[in-house]
Amino acid sequence: MPSKKNRVEIPRPLQAQVLFASDRTCCICRVKGKPVQIHHIDDNPANNVFKNLAVLCLECHNETQIQGGFHRKLDAEQVTLYRHDWLIQVSKTRAANSERLPDINDENHAVELELATSLAEIYREREEYELLALHYTHIGNDELRDKYIELAIQQGMDDSSIIFFRSEQDRLDLIPEEVKNRHIKNLQDQGYWFSLGRLYRQLEEYQLAVQATCRGVVEDIENGDIFSAAFHLKEMVSEGILDYLFIDAMAEAEEQNDLWWQYRCLEELEWDTEAKAFLLEHRKEIEALDDPDFNEALAIALDDKQQYIELRKEEARSISARPNTEVDVLGDPRQ
Ligand SMILES: [Zn+2]
């Protein structure tokens, strides 16, 4: 342990802010739920300023204390880098998960809000524009968000952050092509498929996003990391990405003038009103196709119960459980 010289206890509000900013999680290993402590990056226990304080678990803290050999395993510069990266990750996750301003009637939320306000003051003092941009993204103040994004970009911002902020602003058009391509290549080269999947989701390239994410899932399963496979698949699906694929498939079917698959996409999207309108709008063409499934859907859309019953009876007559029937057991050639 470092000497006890000039140890000044970290003021409680500052402790709370440091823990909040780090999500009470070690900024090195980032394993949630481990006991953590606040570490003085410069090893000066009297230097209680926000920038000098990093949340570390006991194991990672020990790594900073190893004096043997030529140098420490984890030096101050590395801790600073890890910390900076982690604070940004935490804020990004909060920004992505938050439903904008919390209900201020809720006591816990009020505490969190007050804490967040103090954090902003600290960031401003330290000219941490990127963290300020994240902060205002988190609380839903678009004007200040935009102001600090510009300042942070002038200050120097890495590719992934530029893409993140521009997508938060809904201004993908402001991302320079070279930034986009460099970041994509970087993630591909390192085989960071889930990050690449997220990136493509931000860039609204949904087919590429699914490709990348599924590639990661396949690798995880091959390596026996089932949790990670399930986690990332769930994350992707819960973002509603499958809808985008159905929308793409619908556009393709429309291009090919294929009414059936356009209808099936609407059905899978559960756009019931649109699906019904589609059937009615294309009634003549659908009737001309004389497809049993399509006719049934149309009868329902027309609320034609008699026709629907007739179609179901016809369907029953065409089905036989006896072997060697004329019915094509391979079913619908469309599939
Ligand atoms: Zn740790």
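Out of the helices (runs of 4 or more DSSP H) lying entirely within region 77-192, which hold 1 or more residues that are buried (at least 16 other Cβ atoms within 10 Å of the Cβ) and modelled with pLDDT of 85 or more?
In region 77-192, 129-139, 142-155, 159-168, 177-190 are the helices (runs of 4 or more DSSP H) which contain 1 or more residues that are buried (at least 16 other Cβ atoms within 10 Å of the Cβ) and modelled with pLDDT of 85 or more.
What residue, of Ala212, Ala229, is more than 24 Å from Ser167 (Cα to Cα) and of a type in the set (A, V, I, L, M, F, W, C)?
Only one candidate qualifies: Ala229.
Can you go through Glu267, Glu219 and tell me which one is under 35 Å from the mean Cα position of the chain (by Cα), in a helix (DSSP H, G or I), among the acidic types (Asp, Glu) and over 30 Å from Phe194 (Cβ atoms)?
None of the other options fit; the residue is Glu267.
Evaluate the following for Leu280: is it at pLDDT below 95, touching an Asp or Glu at 6+ places or on another chain (Cβ under 8 Å) and under 29 Å from Ser318 (Cα atoms)?
no
In region 255-295, how many are without any contact (Cβ under 8 Å) to a residue 12 or more places away in the chain and not acidic (Asp, Glu)?
Within region 255-295, residues that are without any contact (Cβ under 8 Å) to a residue 12 or more places away in the chain and not acidic (Asp, Glu) number 8.
Restricting the first residue to region 173-184 and requiring it to be under 12 Å from Ile162 (Cα atoms), which pairs with a second residue that is aliphatic (A, V, I, L, M) and in a helix (DSSP H, G or I) meet a Cβ separation below 6 Å and a spacing of at least six or different chains?
Ile175/Ile163; Val179/Ile162
Would you confirm whether or not region 197-209 contains a residue that is under 17 Å from Ser160 (Cβ atoms) and loosely packed, with under 14 Cβ neighbours inside 10 Å?
Checking region 197-209: at least one residue is under 17 Å from Ser160 (Cβ atoms) and loosely packed, with under 14 Cβ neighbours inside 10 Å.
For region 24-43, enumerate the residues that are more than 11 Å from the ligand (Cβ to nearest atom) and under 13 Å from His84 (Cα atoms).
Within region 24-43, Ile41 is the sole residue that qualifies.
The values are calculated or read from the model by the stated rules, or taken from the named source; none is laboratory data. Source: prediction; values computed, not measured. Don't worry about glycine lacking a Cβ; one is built from the backbone with ideal geometry, like all the others, and counts go over all protein chains shown.
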